[in-house]
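A quick write-up on the structure given underneath.
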Amino acid sequence: MLPNRMAVWLQLLMSASVKCPAIIFHGSDDDVFYPDKTSKQIAFIMESEKPVVLYCDYDVIDVHRTVIRTMVDYYNPEEFCRALITADPVHGCSVLIPRECFAAVGLFNENLRTTQDYDMWFRMAQHFDFIHLPLVLLQVRQHGEQGTITMSPLHVKECNEFLIDGMLKTLRTLDLSSSPGSVKQFLAECLVSFSRRGFHKASRYALLHYGTSIAQDGSLFSRPAVRPISTFMARNIGRVRNIAKRILPK
């Protein structure tokens with residue numbers, strides 16, 4: 001859950017009496033901004049003709065502040081909602097968010113302990129473009145006391161719920177605006193992504209919808225159509241065996 005001071009701070013910035021063009025979201029107290037992060041992002045966003053959410057690249061560091069790798073995340077704005085479901089497209093500390101975005105979609109859901117940022121990004125991405133600034137502007141610390149690790153069961157539960165809900169909402173959009181092939185491709189991406197990331201409940205939902213899709217278009221037994229299912233089976237082989245033991249005669 002976001003600290004109470006964060007909720008109060010956001011409420012204050014949202015008030016009509018405060019003249020602030022942008023809100024900087026820094027969701028973790030152990031990550032490090034490079035000195036020019038704020039100035040470069042503000043300079044970019046102030047030149048934008050419309051409100052956008054700006055995100056940047058970042059270095060991942062260990063407990064000794066040694067850089068382990070550099071993360072470069074770029075997605076076309078029109079693909080961003082989809083990427084929030086099938087990938088990991090943005091780090092919360094990398095963003096700069098105009099106040100208008102919060103005015104349009106509301107504040108963070110404080111009932112969510114580990115996925116409140118992704119819930120917010122998904123809501124915002126339905127109304128505003130997420131624009132990539134190709135600069136490394138912060139360090140993100142990786143350590144064993146992160147909430148996603150210390151609250152792992154809750155994190156997995158919240159992620160499963162977020163991914164299922166986001167997948168179904170995206171499907172409704174695709175059904176209205178895209179070809180059946182695009183729907184099938186999205187479901188295939190969901191099935192592979194959820195399976196590889198270990199979100200078993202979400203992967204079962206994706207399997208159900210994907211199986212229905214390939215059965216309807218007649219590609220059920222084609223090799224390309226079976227590949228995502230093979231990934232699901234490989235990642236869930238132990239679970240499949242346990243189910244088989246319970247339902248098959250001895």
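A simple spin-label model places the labels of N76 and S182 1.0 nm from each other, with each point 7 Å out along Cα-to-Cβ.
Is the shape of the range 89-197 rounded, prolate or oblate, going by the alpha carbon gyration tensor and its root eigenvalues a ≥ b ≥ c, with a/c under 1.5 for rounded and a/b larger than b/c for prolate?
Oblate, since a/c reaches 1.5 and b/c is not below a/b.
Think of each Lys and Arg Cβ as +1 and each Asp and Glu Cβ as -1; about the Cα centre, that makes the dipole of the range 95-158 roughly 80 debye. Summarising the overall dimensions of the range 112-173 from its C-alpha atoms, the Rg and Dmax are 14.3, 38 angstrom. Modelled spin-label separation between D36 and T173, with each label point placed 7 Å from Cα along the Cα-to-Cβ direction: 3.4 nm.
Around the amide H of I61, modelled in the peptide plane, lie the amide H atoms of I68, V140, R141, Q142, all under 5 Å away and 5 or more residues distant in sequence or on another chain. Near the amide H of I131, within less than 5 Å, lie the amide hydrogens of V53, L54, Y55, all on another chain or at least 5 residues away, with H placed in the peptide plane.
Per 0.36 nm of contour for each residue apart, how much would the distance between K157 and E110 grow if the chain were fully extended, relative to their Cα-Cα spacing?
In short, 15.3 nm is gained.
For the pair the range 106-122 and the range 202-229, the centres of their Cα atoms are 31 angstrom apart. Sorting Y75, Y210, Y118 on solvent-accessible area from highest to lowest, probe radius 1.4 Å, gives Y75, Y118, Y210.
What shape does the range 81-142 take by its C-alpha gyration tensor, where a ≥ b ≥ c are the square roots of the eigenvalues and a/c under 1.5 counts as rounded, a/b above b/c as prolate, and the rest as oblate? Rounded shape, in that the Cα axes give a/c under 1.5. For the range 124-235, a simple Cβ point-charge model (Lys and Arg +1, Asp and Glu -1, everything else neutral) yields a dipole of about 380 debye relative to the Cα centre. Sequentially through the range 91-98, phi angles give Karplus couplings (6.51, -1.76, 1.60; θ = phi - 60°) of 9, x, 6, 8, 8, 10, 10, x Hz, Gly and Pro residues having no value and appearing as x.
Directionally averaged projected area (the range 29-171, Cα convex hull): 8.8 nm².
The values are calculated or read from the model by the stated rules, or taken from the named source; none is laboratory data. A quick note: this is a predicted structure, and the numbers were derived from the prediction, not measured. Methodologically, a virtual Cβ is constructed for each residue, glycine included, from the backbone with ideal geometry; neighbour enumeration extends over all protein chains shown. The protein model used for the area step is the full one, side chains on, heavy atoms only, and it has no ligands, DNA or RNA in it. Shrake-Rupley method; radii C 1.70, N 1.55, O 1.52, S 1.80 Å.
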